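Structure, as structure tokens:
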Amino acid sequence: MPTARLRHAAYLLVLTVCLFGASLHAQEADKTISVVVDGKATTLDRAAFAGMPHVTVTAAAHNDPPSQWQGVALQDVLGRAALPTGEALRGRAMARFVRVTASDGYQVIFSVAELDPAFGDVRVIVADSKDGQALGKDGPYRLIVPNDKRPARWERNVRSIELVDASTRPAK
């Protein structure tokens, strides 16, 4: 009988270690953003994101007082080379958009033209802190669109950012 108890305890120990390891892996995955540009996926972890140029915007959602949000411009997360701008933004490129997806599946989009300074000049940041503090339950990353009249695109728990070609014209 003691052998059966030892075997049972060993199984429980192995199961606990496996579950703990899976939990740690899931927690680390929650701290990354998948970025897909032209079918090529990259993963940004906290260290890579922290190394990108950060900006600060002042904005308020709903009835909250204005806060200082710190993060990286959406265009910088995608890589400026991936987004044609100014005179280069025409033709097929005008049909591209950026889709941002949260951990709960919520999605928002921005046309490439609305992000371009020569067209819409909409400022969007992927925030990793608010008033100098980590985002907590709304993070680790949150989309902030300071000039939107309604904060419906202020997506919490951002997990992926994709540059999508929606053109129906064949590529040349």
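Per-residue packing, averaged as other Cβ atoms within 10 Å, sorts the ranges 152-164, 49-61, 97-109 into the order 152-164, 97-109, 49-61, beginning with the highest. Distance between the 7 Å Cα→Cβ label points at Arg150 and Ala47: 4.2 nm. Rg and Dmax of segment 90-162, both derived from C-alpha coordinates alone, stand at 13.1, 42 Å.
Centre-to-centre separation between the Cα atoms of segment 52-90 and those of segment 95-157: 8 Å.
Approximating the spin labels as points 7 Å out from Cα along Cα→Cβ, the Ala82-to-Arg99 distance works out to 1.4 nm. The stretch between Arg90 and Val164 holds 25.1 nm of extra length on full extension. This uses 0.36 nm per residue minus the Cα-Cα distance.
Hey, what did segment 88-157 get for relative contact order, percent, Cα under 8 Å, at least 6 apart?
Details: 97 pairs, mean separation 16.4, N = 70.
For segment 88-157, the relative contact order is 23 percent.
When Val77, Val122 are sorted by how many other C-beta atoms sit within 10 angstrom of their C-beta, beginning with the fewest, the order is Val122, Val77.
Any read-out appearing in this document is the output of simple, stated calculations on the displayed coordinates, not a laboratory observation. This one's a predicted model, so the numbers in the text were calculated from it and none came from an experiment. Cβ sites come from the backbone with ideal geometry, for glycine too, and all protein chains shown count toward neighbours.
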